[in-house]
Amino acid sequence: MAHELHEPPLLPEVRSDRQVTEDICRPLERRPGGAWWLAFVAAATALAIGVVCVTYQILTGIGTWGLNRTVGWAFDITNFVFWVGIGHAGTLISAVLLLARQRWRTSINRSAEAMTIFAVICAGLFPLIHMGRPWLFYWVFPYPNQRGPLWVNFRSPLLWDVFAIGTYFTISLVFWYIGLIPDLATVRDRARGLRRRIFAILSFGWDGRARSWHRHEMVSLILAGLATPLVVSVHSVVSTDFATAVLPGWHTTVFPPYFVVGAVFSGFAMVLTLMLIARRTVHLEAYITMRHIHAMCKVLVFTSSIVGLAYATELFVAWYSNNPYEQFAFTNRLFGPMGWGFWIMVACNVVAPQLLWFRRVRWNLAAVFGISLLVNVGMWFERFVIIVTALHRDYLPSAWTSYRPTLIEIGTLLGSFGLFFTCFLLFCRFLPMVAISEIKAVAAEESSHSETAPARAEESRAA
Amino acid sequence: MTAMAKRYHLAIFPGAAAFLQAARECRARGLDLREAWTPFPVHGLDELLGIRRSRLPWVTLVAGALGAAGGLAFQYWASAEDYPLDVGGKPWDSFLAFVPVTFEMLVLLGGLASAAAFLLRSRLWPGRKEVLPDPAVSDDAFALLLEAGAAWTDEEIHALLRRHGAREIRIECRP
């Protein structure tokens, strides 16, 4: 007889639907603890520093940055690509894993989608500030104007970015909110007074009728189907900002897949960082179990290996092309004055995650947390290395120069982290950070497949 | 009550398994299941209630096609007809360069139209007042609405529902 593969239950500690509602609504209905306040004050302080820096540089001009005529992009675009990349894991978890019927996603999809939205907001700020005159931002849209009308240049990857990021943000927000509606109704039905009125408006009058659920599942599937190619398109388009230029080190066809995988890699590292913090501070250990952490670790080690392959491919092609400019760009990247950036990137992105092959490392939450932070750092450096080491020494040696960020640029980067974490902490406090209805559905499906089904049914009958 | 109002039986169940078993037996015995309210999508319920497959994908298809066609046409018109700009000697009708924006418009319009169709069709919008058969249907209660046929007495229906663990049964008259 064939052996049946018995998977252990995903949520062994989940006993009843009532318990799920209670556990996930608890952080919303109680006063936040000391850990939350500590994190919030730190994040809000970083945000305040960022606001001061951005205000100063808008009042003064982009000359407050360390950019020069050779290095025209540095921190700003590095941060932009970094934050867009972070967002990609949210879409991957909510859309791709939904289509692939990976049920473990239900515990983390809500917060990963929220992370996507906040990360895209952070990303969008950088091109906006870089415009120098951010109050004219609407010039990037093709609208009828009195200059001709002079339309935007549809052949430019920078314009594709506007459409890709704009669509990505809109669809992610809609997808996230539609998923939230039933859970907002759950919060509404437990609340009283003003709180109830607010959630009544936010939940759009959701009543959980079978027909509504049927359409809800259908629209989730449609949005997932649309978001899957969308997420691939977004970072591919971002990569063409570089790949369509003629600069050695940028002008490579491997960029779109390389960027997409890098985005998923960095995003999963950020999800892991946030989930490890959240499950401790908000006490969601029953929902974000070791199995979830293991699954994310495996994604991390897999994508890390692909990223390593991409780095190797770039180096190989530079050598194999026999193009002296291409070869110089990579020699300079590895051993030039900014070579340290390359080695930080390799150590953090390719070497450190390989430790996750070991089961003992995956069980060690401190080690997993450390590796996730290293990947965040490494992926920021990846974008910095691509942008700055390619720019600072290109075709014309007389134009070679170096780049050093100013305090304003560092403050702005810090501010973007402040914005991201402030938004995320407010989200944890005011909205259900785990999808209540989806968890119940997974738990019901598990109990109907296992031998404990009658026991569980009895239990809920008694309740 | 008007003469048109019909009598319905509303049963509240405390668990998904009991609820689904009750719904199955009611259906098998020829009772007319009219509506159900649940805290999460219960699989197998759609067939019992006779819910036909949603036509939302058609909205996505039409809106997506319109988005893509409109996006491509506008780019061509703006770049080649209305104000031709020479960018690096590229041809006016450089369609390859128009692919990304065309695709994004497909996704944007298709997604927004599907979401809007879902909300309108399910009658969900800010300020709409919810009508719940039981305050716990968003927590752990499952509600089933049956139409009483002539072949059944109230006692028989209620006994069947109780046997499956219904914690509350009401008779409702609805138009």
Nearest 10, in degrees from 0 to 90: the angle of helix A:453-462 to the longest Cα principal axis of chain A is 70
Taking a probe of 1.4 Å, how large is the accessible area per residue of chain A, in Å²? 43
Give the residue from A:Ser212, A:Leu274, A:Thr244 lying farthest towards the positive end of the charge dipole for segment A:207-323; charges sit on Cβ (+1 for Lys and Arg, -1 for Asp and Glu) and the dipole is referred to the Cα centre. A:Ser212
Percent carbon-and-sulfur accessible area, the protein assembly as shown, ignoring ligands, DNA and RNA, probe 1.4 Å: 66
For a protection proxy built on the mean count of beta-carbon atoms within 10 angstrom, sort A:437-447, A:411-421, A:329-339 highest first, please. A:437-447, A:411-421, A:329-339
Would you work out which of A:Phe175, A:Pro324, A:Pro157 lies farthest towards the positive end of the dipole of chain A? Charges go on Cβ: Lys and Arg +1, Asp and Glu -1. A:Phe175
Whole percent per 10 Å bin, from 0 to the bin with the longest distance: what is P(r) over all C-alpha pairs of chain A? 4, 18, 28, 25, 15, 7, 2, 0, 0
Any idea how far apart B:Gln21 and A:Ser398 come out in nm if each label point goes 7 Å out from Cα toward Cβ? 8.9
Projected label distance in nm at A:Ile198 and A:Leu334, using a 7 Å step from Cα toward the beta-carbon: 5.6
Between A and B, buried accessible area summed over both sides at probe 1.4 Å, in Å² to the nearest 100? 5600
Evaluate the charge dipole of the protein assembly as shown about its Cα centre and quote only its size in Debye, nearest 20, assuming +1 on the Cβ of each Lys and Arg and -1 on the Cβ of each Asp and Glu. 1060
Shielding by other protein chains, B:109-116, mean Cβ within 10 Å: 6
Degrees between helix B:56-76 axis and first principal axis of chain B (Cα, 0 to 90, nearest 10): 10
Compute the relative contact order of segment A:112-199 as a whole-number percentage, counting only Cα pairs closer than 8 Å that sit 6 or more residues apart in sequence. 25
Report, as an integer, the average count of C-beta atoms from other chains found within 10 Å of each Cβ along B:51-58. 4
Most fluctuating residue of B:Asp134, B:Asp32, B:Asp86 in a GNM of chain B with Cα springs under 10 Å: which is it? B:Asp86
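The values are calculated or read from the model by the stated rules, or taken from the named source; none is laboratory data. The model shown is predicted, which means the values in this text are computed figures rather than measured ones. Quick reminder, even Gly has a Cβ in these numbers, built from the backbone with ideal geometry, and neighbours come from all protein chains shown. Just so you know, the surface numbers come from the protein's heavy atoms only, side chains and all, with ligands and any DNA or RNA stripped out. Shrake-Rupley method; radii C 1.70, N 1.55, O 1.52, S 1.80 Å.
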